[in-house]
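Engineer: Okay, handing you the structure first.
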């Protein structure tokens, strides 16, 4: 949302929802949204409303993900899958430049992406918060990343407000949801017969003019606020941010790290599904004749054994070292480094951990120990 934009609201009848897809296509956007693929929900191309996971609902808990059939005809009854917004702007693998040898020298050619305009439909508040953190990392420093910017600048974002929380959600305690308040062009609240549409940018307002929206009665807006507040109140997990970052710094030698290390597989799932983790490496891919090489940026994880290796020494040789570094950076050092937490409370790291490690429980135990010691 553009801070200078004055938001407006309207009601879009369910039967008119295809108008939104038509308007986006007319503006030249490729449309992606939540789709069913391989027994899970993933970002996929949306051609018609039939591409949405209508009649499906997700159930998630630590180490557990299931979809079930329902009688619902809503398009956005599934909260989210493993994919956050991250791969849409920070590519899992991309070529940065090509090196070509000619005689006794070489030529380096940067390969900047030229993405098509992309409309992302069904973005949740936690992922908008994650996108804002990624923007801070890749765009707002002294050296903006041109690869990230090329994708970011071509986005049109349509959020969907959450009125149902998963067992793994804790965005309310992180101040990132369930209501999206910024970072979108349009935001939808889905009802049984219609959608409440909110504009978040001038681009969103222009597109909304093509949707034949009806006025929203004030009572309807109050009802939707109550629904989103109930969603926040239903969340059973939370993180006490008032104790951070100090509690994690003080817990460097806590025995809890040994306990979690015995359970952690260092599989990297938590960092892959996290909306904010940005560790990456650079690989060289020479051809067989050694005359051409591609330099590629590839997602990495602080849980891999090589990530902490510096010439002659591995700074984090054990799983205990890696888990402690990840959690301390995410919820403590990140605050000092970027002025915000690195966690948005989406709960994906809980769901997609094969052994069901619950980040919120680990934090609570460390805080309890600190309080018991009186420090």
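Every number in this text was worked out from the coordinates using simple rules, so none of it is lab data. If you're wondering where the values come from, they're calculated on a predicted model, not measured in any experiment. Quick reminder, even Gly has a Cβ in these numbers, built from the backbone with ideal geometry, and neighbours come from all protein chains shown.
Engineer: Quick check on the chain: what are the equivalent-ellipsoid semi-axes from the Cα gyration tensor, as sqrt(5λ), descending, whole Å?
Structural biologist: 35, 30, 18
Engineer: Still on this structure, I have one more. How much FRET efficiency would the formula 1/(1 + (r/R0)^6) give for residue 61 and residue 369, where r is the Cβ-Cβ distance and R0 is 30 Å, rounded to 0.05? Present the calculation step by step, with values, prior to reporting the outcome.
Structural biologist: Working: r = 25 Å, r/R0 = 0.84.
Efficiency computed from Cβ-Cβ geometry: 0.75.
Engineer: Still on this structure, please answer the following. Where is the GNM fluctuation largest for the chain (alpha-carbon springs, 10 angstrom cutoff): 329, 307, 103?
Structural biologist: Of 329, 307, 103, the most mobile in the Gaussian network model is 103.
Engineer: Among 357, 111, 137, determine the one that fluctuates most according to a GNM of the chain built with springs between C-alpha atoms less than 10 Å apart.
Structural biologist: 111
Engineer: Another question about this same structure. Sticking with the crude label model, points 7 Å out along Cα→Cβ, report the distance from residue 256 to residue 94 in nm, one decimal please.
Structural biologist: Between residue 256 and residue 94, the label points sit 3.7 nm apart.
Engineer: Taking a quarter of the surface of the Cα convex hull of region 39-111, what do you get in nm²?
Structural biologist: If you wrap the Cα atoms of region 39-111 in a convex hull and average its projections, you get 8.2 nm².
Engineer: Can you sort 155, 265, 288 so the residue with the fewest Cβ neighbours within 10 Å comes first?
Structural biologist: 288, 265, 155
Engineer: Sorting 320, 330, 313, 104 on the 10 Å Cβ count, fewest up front, what's the list?
Structural biologist: Ordered by Cβ neighbours within 10 Å, fewest first: 104, 313, 320, 330.
Engineer: Return the Cα extents of region 191-316 along principal axes one, two and three, sorted largest first, each rounded to a whole Å.
Structural biologist: That gives 67, 52, 25 Å along the principal axes, largest extent first.
Engineer: Relative contact order for region 241-373: what is it in percent, counting Cα pairs under 8 Å that are at least 6 residues apart?
Structural biologist: Taking the mean separation of contacting Cα pairs over the length of region 241-373, I get 33 percent.
Engineer: Pop the C-beta distance of residue 70 and residue 25 into the FRET formula with R0 = 35 Å and round what comes out to the nearest 0.05.
Structural biologist: 0.75
Engineer: Hey, fewest Cβ within 10 Å first, where do 196, 120 land in order?
Structural biologist: Values: 196 20, 120 24.
Ordered by Cβ neighbours within 10 Å, fewest first: 196, 120.
Engineer: Expressed in nm to one decimal, what extension gain is obtained for the pair residue 15 and residue 295 from 0.36 nm per residue of sequence separation less their Cα-Cα distance?
Structural biologist: Working: separation 280, 0.36 × 280 = 100.80 nm, distance 4.87 nm.
That works out to 95.9 nm of additional length.
Engineer: Can I ask one more? Helix-derived [θ] at 222 nm for the chain: sum -39500 (n - 2.57) over DSSP H runs of at least 4, divide by residue count, nearest 500?
Structural biologist: Mean residue ellipticity, 222 nm, calculated: -8000 deg cm²/dmol.
Engineer: Name the residue, out of 61, 301, 293, whose mean-square fluctuation peaks in a Gaussian network model built on the chain with Cα pairs under 10 Å.
Structural biologist: Residue with maximal mean-square fluctuation among 61, 301, 293: 293.
Engineer: Provide the FRET efficiency to the nearest 0.05 for the residue 109-residue 226 pair, computing r from the beta carbons and using R0 = 56 Å.
Structural biologist: Efficiency, rounded to the nearest 0.05: 0.50.
Engineer: Taking every pair of distinct Cα atoms and averaging 1/r, then inverting, what Kirkwood hydrodynamic radius in Å comes out for region 241-373?
Structural biologist: Hydrodynamic radius (Kirkwood, Cα only) of region 241-373 equals 16.3 Å.
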